[in-house]
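Colleague: Please read through the structure below; I'll follow up with questions.
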Amino acid sequence: MTSRFSLAGKTAIVTGGTGVLGSAIAQGLAAAGARVGILGRRAARAKLVCEAISAVGGEAVPLVADVLDPAQLVAAREQALAAWGSIDILVNAAGGNIPAATIAGQHSFFDLVPNALDQVVRLNFHGTVFPAQVFGATMAERGAGAIINISSMAAQKPLTRVLGYAAAKAAIDNFTRWLATELALKYGPRLRVNAIAPGFFIGEQNRALLLNDDGSLTQRGQQIIDHTPLRRFGEPDELVGAAVWLASDAARFVTGIVVPIDGGFSAFGGI
Ligand SMILES: NC(=O)c1ccc[n+]([C@@H]2O[C@H](COP(=O)([O-])OP(=O)(O)OC[C@H]3O[C@@H](n4cnc5c(N)ncnc54)[C@H](OP(=O)(O)O)[C@@H]3O)[C@@H](O)[C@H]2O)c1
């Protein structure tokens, strides 16, 4: 049974592997046996994540690239292929909200700046589609691979303030189902595409929104906890089980789904 979850001999690319959630997922995939490419724009941070993986006996290389630049993604893919020969898993964890696209405080929907909307949609949606094209192409050639996109609770339920981010994540849910169908029908049943929808985790981008300087909850943080039956934020390594499952042969009949890891947030009606 355990061996079905093993990623030994497989190669994974984690975009946003330099971030809070992406680095935890990358470390989890490495612990399950995968060699991992840590992809992000911050070279020093990518190196640190690789060192953390090596320190516990794993194998990882930094891949410095911008997910919005297909030429840089192709260069990263060639670097990974030169090192390891194949790419079996892609986790699209690069993304996040953009402050200028947030409708907060005194601002209203009618103030939303088109450029900010473009930026947040491009980062989250195009920044998932482009890596799926570049790394998915090599999986399609071999007729095997697993792509895992990172969605959000914002895709399923309206959350105040984050219009563009939510719309882009909703597009990721739709894209996940679309690409799952497209790749399986055209390239065979060993190519799968799924998504994980994290609930609320303390990250670099949302820390100030959820926690005050003294560690107490902001009003928004409290509202989230009030709507989370498990009554806490998630820990990044709580995404690992689902990521390993979706990447492994244990999920070989699973494609086109979005798995919520949210402490019950999506199940709760608030009453
Ligand atoms: N934290 C949460 O509660 C939560 C909840 C639901 C969904 N999510 C999603 O989970 C993912 C990771 O979030 P996080 O909380 O871990 O945030 P984070 O720590 O800020 O990580 C974001 C990552 O995206 C990368 N990135 C941003 N722009 C990029 C670009 N143009 N090219 C390449 N990489 C880029 C960053 O790497 P570089 O700066 O090195 O480029 C960083 O590794 C995001 O998609 C986010 O929307 C987070």
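Colleague: Mind listing the long-range amide H neighbours of residue 259? Cut-off is under 5 Å, sequence gap 5 or more, other chains count too, H placed in the peptide plane at 1.01 Å from N.
Modeller: 195, 196, 197
Colleague: Over the chain, what relative contact order in percent results from Cα pairs under 8 Å that are six or more residues apart?
Modeller: On the way: 544 pairs, mean separation 52.2, N = 271.
Here the relative contact order equals 19 percent.
Colleague: Let me ask another. Among 227, 107, rank each residue by its count of other Cβ atoms within 10 Å, from fewest to most, as a rough exposure measure.
Modeller: On the way: 227 20, 107 12.
Fewest-to-most Cβ neighbours within 10 Å comes out as 107, 227.
Colleague: Follow-up. If you take the alpha carbon radius of gyration of region 166-215 and divide it by 2.2 N^0.38 Å, what ratio comes out, to two decimals?
Modeller: Working: Rg = 16.8 Å, N = 50, 2.2 N^0.38 = 9.7 Å.
That works out to 1.72 for region 166-215.
Colleague: Give me the distance between the Cα centres of region 3-45 and region 135-178, rounded to whole Å.
Modeller: A separation of 18 Å, based on Cα centres.
Colleague: I want to verify a result. In a Gaussian network model of the chain, Cα cutoff 10 Å, which of these has the top mean-square fluctuation: 216, 151, 86?
Modeller: 216
Colleague: Now, a different point. Return an integer: the convex hull volume of the alpha-carbon atoms of region 70-145, in Å³ per residue.
Modeller: Values: hull volume 7.5 nm³, N = 76.
So the per-residue Cα hull volume is 99 Å³.
Colleague: Just the C-alpha atoms of the chain: what Rg/Rh do they give, with Rh taken as the Kirkwood radius? All intermediate terms of the calculation are to be shown ahead of the outcome.
Modeller: Values: Rg = 18.1 Å, Rh = 18.8 Å.
A ratio of 0.96.
Colleague: Spelling out what I want: for every residue of region 24-37, take phi, set θ = phi - 60°, compute 6.51 cos²θ - 1.76 cosθ + 1.60 (Karplus), and round to whole Hz; glycine and proline get x.
Modeller: Each residue's phi maps through the Karplus curve to give 5, 5, 4, 5, x, 5, 5, 5, 7, x, 7, 8, 10, x Hz.
Colleague: Additional query: With springs only between Cα atoms under 10 Å, which of 215, 145, 17 fluctuates most in a Gaussian network model of the chain?
Modeller: 215
Colleague: Now for a separate question. I want to verify a result. In a Gaussian network model of the chain, Cα cutoff 10 Å, which of these has the top mean-square fluctuation: 130, 200, 253?
Modeller: So, out of 130, 200, 253, the one fluctuating most is 253.
Colleague: Report the Rg/Rh value for region 194-251, based on alpha-carbon coordinates and the Kirkwood definition of Rh.
Modeller: On the way: Rg = 13.9 Å, Rh = 12.9 Å.
That ratio is 1.08, to two decimals.
Colleague: For region 125-271, what is the largest minus smallest coordinate of the Cα atoms on each principal axis, given in angstrom and ordered from greatest to least?
Modeller: 52, 29, 28
Colleague: Okay, next question. Cα convex hull of region 13-145: mean projected area in nm², to one decimal? Intermediate results must be reported in sequence, preceding the final value.
Modeller: On the way: hull surface 36.0 nm².
Mean projected area of the Cα convex hull: 9.0 nm².
Colleague: For the chain, with only Lys/Arg (+1) and Asp/Glu (-1) charged at the beta-carbon, what is the dipole magnitude about the Cα centre, in debye rounded to 20? Show your work: numbers first, answer last.
Modeller: Details: 22 positive and 20 negative charges, 91 e Å.
For the chain, the charge dipole is close to 440 debye.
Bear in mind that the values in this text are calculations on the coordinates, not laboratory data. The structure presented is a predicted model; accordingly, all values stated were derived computationally and were not measured. Ideal geometry is used to build each Cβ from the backbone, glycine not excepted, and the neighbour counts take in all protein chains shown.
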